[in-house]
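Throughout, read-outs are computed from the coordinates displayed, never taken from laboratory work. Everything numeric in this text was worked out from a predicted model, so none of it was measured. Every residue, glycine among them, receives a Cβ derived from its backbone with ideal geometry; neighbour counts consider all protein chains shown.
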Amino acid sequence: MSPRKESFKEPIVRVNTAKIRFPKMCPVCGSNVTKAMRISTVPGRKQWLRPHWDPMYWSGKRRFGMSLSEAQTFIVPVCEDHYYGDKSEWRHRLLCVVADGILMIMFFFAFLIMGSNFWLGRVNPFWVYLVLGVFVVAMALSYLAFKSNQFESAFRIVGFDADLQHVWLKLKNHKYRDVLLNENPMSSEIVSWIIRR
Ligand SMILES: [Zn+2]
């Protein structure tokens, strides 16, 4: 792959991976931190991974020492609200999308039947209420499933430079970004473009 330049409207942070110190504030809301989130990413792959998703993590290769080309792990302090552990949140989300789709159709029919019953002055069958109830619960669960996405949008690993000395972080919360820059005065800088190799 040939090097290509990538520009950012919102400047990102370039930090030395060995020296990085994360601020003691939540990257999402900026409040006090009580937990630490473990984020692993494999440089070269687009998305970052959780350790348990990473086949390398389980393959035992890890025990024999990791080369630089393998996973990089960061421990990021977060608040209670924006911490989500090693739950299978992606499976949960996928399930939500599928279930919501089916329920949306059922809800639509239930709504039609309710409407016609209303005009005809008839009593609604029990299942109509059941569908409405399940629909409301599913929407609430979906909201919770997608809410955990806040961390990912507030703290994103853009990538690594060629020698893996630096990581590029996209930090949505500007206060957090400034604190991180202040706490890593010698090893971080703000950049608006990168060269991806
Ligand atoms: Zn928070």
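Numerical summary
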| read-out | value |
| --- | --- |
| Selection from the range 151-181 of residues that are β-branched (V, I, T) and closer than 18 Å to S31 by Cβ | V179 |
| Among the candidates M37, M25, residue that is within 16 Å of the ligand (Cβ to nearest atom), part of a strand (DSSP E or B) and touching a Phe, Trp or Tyr at 6+ places or on another chain (Cβ under 7 Å) | M37 |
